Amino acid sequence: EEYGDIIISPHHDSKSTIAKSAWDGFMWIRHHCKSAVFAAKADPDEVIFLGNLINYLSHVPRVRFYGGNYREFVMKARKEGDILVYFPSDYPYVTKVSYVSGALVILSLDIIDYLIVGAKYEPFFGRSTDDFMIGAVLNRVGIYPYRINLPNCTLLELTTDPNNSYEDYIRVSNQVVVYHGMKREKQLAEALDVFGSRVFIPTGC
C-alpha cells in the first residue's frame with residue numbers, strides 16, 4: 001500500500017497453483033522490470049540478509065545466471081506407496097532435473113524470457129511445486145544452477161539446523177544470505193527484531 005508495488009495473482013491461493021502464481025510474477029517482471037539486472041523468487045517464511053545477498057551477487061555473472069541452493073530431482077510417474085505425489089501414475093517421462101530450492105531462486109533478467117516461452121513446451125507441470133519446474137524449463141535450454149564456492153558465505157541456512165534455535169536467533173551465522181523456515185508470524189517478527197540492521201549490512205558473505 002505504501003509503495004504501490006504489491007502484485008496479487010488471480011489464482012486461488014493454494015500450493016497446487018503455486019507454479020501459476022510464480023509464472024504470473026515472471027510475466028510481470030518481463031513487462032515492468034526491464035532495467036533490472038537480477039530478479040528473485042523468495043518464500044515468505046524467511047529472512048533475506050540483503051547486504052550479504054548484494055555481496056554474493058557481485059561475484060556471479062549477470063547473464064544466464066540461475067542461482068540458489070543446488071538440488072536435484074527426478075521427474076517420473078508416481079508409484080503406489082510413494083510419499084511425493086508431484087506427478088500422476090501415467091506420467092510418461094523420466095527426467096533428471098538440476099534446480100535450486102524454492103526458498104530463494106535468483107535469476108538474471110535475460111532468463112525470464114526462457115521461462116515464459118519454455119513453459120509452453122513443458123508437457124506437464126508437477127503438482128504443488130514451482131522450484132524444480134523452473135529447473136526443468138531452464139535445463140531444456142542448457143541453463144543449470146550456477147555453483148560457486150565463496151569462502152565465508154552460506155547461501156541458505158535452515159531453522160532446523162541443530163546449531164540454531166528459534167529461542168536464540170543471535171546464533172544464526174553472520175555468513176548466511178537466507179535464513180529459512182519460520183512458519184509463524186511471531187517467529188519471523190522475533191527474528192527481524194534480533195537481526196535489526198544486520199539485515200541490510202554485509203556481515204560476512
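The values are calculated or read from the model by the stated rules, or taken from the named source; none is laboratory data. As the structure is a prediction and not an experimental result, all values here were calculated from the model. Because the Cβ atoms are built from the backbone with ideal geometry, glycine has one as well, and the counts that use them run over all protein chains shown. In case anyone asks, the SASA skips ligands and DNA or RNA and just uses the protein heavy atoms, side chains included. Shrake-Rupley method; radii C 1.70, N 1.55, O 1.52, S 1.80 Å.
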So in region 1-38, with the set limited to residues that are aromatic (Phe, Trp, Tyr) and out of contact with any Phe, Trp or Tyr (no Cβ under 8 Å at 6 or more places or on another chain), which one is most open to solvent (accessible area, probe 1.4 Å)?
TYR3
Go through (1) open to solvent by less than 60 Å² (accessible area, probe 1.4 Å); (2) at negative phi for LYS76 and report which single condition fails.
(1)
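Which fully enclosed helices (runs of 4 or more DSSP H) of region 110-205 have 3 or more residues being surrounded by 18 or more Cβ atoms within 10 Å (Cβ to Cβ), at pLDDT 85 or above and under 21 Å from the mean Cα position of the chain (by Cα)?
Working: elements: 112-118, 131-139, 185-195.
Output list reads 112-118, 131-139.
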Out of all the residues in region 79-105, which are more than 13 Å from ASP130 (Cβ to Cβ), among the β-branched types (Val, Ile, Thr) and touching a residue at least 12 places away in the same chain (Cβ under 8 Å)?
VAL85, VAL94, THR95
Cβ contacts < 9 Å: first residue in contact (Cβ under 8 Å) with a residue 12 or more places away in the chain, restricted to region 147-161; second residue part of a loop (DSSP other than H, G, I, E, B) and open to solvent by 100 Å² or more (accessible area, probe 1.4 Å), any location; separation 6+ or different chain. Result?
GLU157/ASN163; THR159/LYS183
Expected output for region 49-72 (first residue touching a residue at least 40 places away in the same chain (Cβ under 8 Å), partner open to solvent by less than 50 Å² (accessible area, probe 1.4 Å) and of a type in the set (Asp, Glu), Cβ below 9 Å, 6+ apart or cross-chain) is GLY68/ASP131; ARG71/ASP131
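Pick from THR160, THR154: which is touching a Ser or Thr at 6+ places or on another chain (Cβ under 8 Å) and over 16 Å from PHE73 (Cα atoms)? Full working, then the answer.
Numbers: THR160 fails: touching a Ser or Thr at 6+ places or on another chain (Cβ under 8 Å).
The unique qualifying residue is THR154.
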